[in-house]
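J.: The following block contains the structure, expressed as structure tokens.
The values are calculated or read from the model by the stated rules, or taken from the named source; none is laboratory data. For clarity, every value in this text was computed on a predicted model and none was experimentally measured. Quick reminder, even Gly has a Cβ in these numbers, built from the backbone with ideal geometry, and neighbours come from all protein chains shown. What goes into the accessible areas is simple: the full protein's heavy atoms, side chains included, and nothing from ligands, DNA or RNA. Shrake-Rupley method; radii C 1.70, N 1.55, O 1.52, S 1.80 Å.
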Amino acid sequence: MFFERLADRIDTADSVLSVGLDPDPDRLPDHLREHDLPRWAFNRRIIDATHDHAACYKPNAAFYEDADGWRALEETIAYAHGKDVPVLLDAKRADIGNTARQYATLLDTADAITVNPYLCLLYTSLMARG
């Protein structure tokens, strides 16, 4: 389903541009730091400036791994979806078992997720189980 949405978006935008959304809290502009969710404020500006040309957005989970970060990520994904742009969550993990299944639950929010190539078979198995 993700690849169908992506193909449709590529046709609509006439672009294959993937826009990374990796807001390093230490490098955000000063005027955004006063916002409740500075990373979300930063991402919203990037999405507003690029959504006409973006085939997808690719936030890296490493930049969101705290309470405010997860909230910012959820807002970012919802906003991108509101612009009809799919989201590929870059959350490569090198883990197995219950931990890998927990990472797979991130797909309830994002449209797709990156995986460690060594764990592709596990990921495929998890997704087949629904």
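J.: On the given criteria, is ASP48 at pLDDT 95 or above and assigned to a loop (DSSP other than H, G, I, E, B)? I'd like the intermediate steps shown before the answer.
T.: Values: at pLDDT 95 or above: yes; assigned to a loop (DSSP other than H, G, I, E, B): no.
No; evaluated as a whole, the condition is false for this residue.
J.: Among what's in the range 75-100 and is among the acidic types (Asp, Glu) and either buried (at least 21 other Cβ atoms within 10 Å of the Cβ) or modelled with pLDDT under 95 (or both), pick the residue that is farthest from SER18 (Cα to Cα).
T.: At the first step, the residues of the range 75-100 found to be among the acidic types (Asp, Glu) are 75, 84, 90, 95.
Pick out the ones that are also either buried (at least 21 other Cβ atoms within 10 Å of the Cβ) or modelled with pLDDT under 95 (or both) and you get 90, 95.
Numbers: ASP90: 12, ASP95: 26 Å.
Here the residue is ASP95.
J.: For the range 4-36, which residues satisfy the criterion of being within 15 Å of the chain's Cα centre (by Cα) and hydrophobic (A, V, I, L, M, F, W, C)?
T.: LEU6, LEU17, VAL19, LEU21, listed by residue number.
J.: Is it the case that GLU34 is open to solvent by 30 Å² or more (accessible area, probe 1.4 Å) and in a loop (DSSP other than H, G, I, E, B)?
T.: Numbers: open to solvent by 30 Å² or more (accessible area, probe 1.4 Å): yes; in a loop (DSSP other than H, G, I, E, B): yes.
The answer is yes for GLU34.
J.: Okay, moving on. Mind listing whichever residues of the range 56-92 are in a strand (DSSP E or B) and either under 12 Å from ARG44 (Cα atoms) or within 8 Å of the chain's Cα centre (by Cα) (or both)? Talk me through it step by step, then tell me what you get.
T.: Initial filter on the range 56-92 (in a strand (DSSP E or B)): 56-60, 87-90.
TYR57, LYS58, PRO59, ASN60, VAL87, LEU88, LEU89, ASP90, listed by residue number.
J.: Hey, does the range 19-31 have a residue that's of a type in the set (A, V, I, L, M), more than 15 Å from LEU89 (Cα to Cα) and in a helix (DSSP H, G or I)? Write out each step before concluding.
T.: First pass over the range 19-31, keeping only residues of a type in the set (A, V, I, L, M): 19, 21, 28.
Right, trim to more than 15 Å from LEU89 (Cα to Cα) and you get 28.
Retained after the next criterion (residues that are in a helix (DSSP H, G or I)): none.
Scanning the range 19-31 turns up no residue that is of a type in the set (A, V, I, L, M), more than 15 Å from LEU89 (Cα to Cα) and in a helix (DSSP H, G or I).
J.: Would you confirm whether or not the range 17-30 contains a residue that is at pLDDT below 95 and open to solvent by less than 30 Å² (accessible area, probe 1.4 Å)?
T.: Scanning the range 17-30, I find at least one residue that is at pLDDT below 95 and open to solvent by less than 30 Å² (accessible area, probe 1.4 Å), so the answer is yes.
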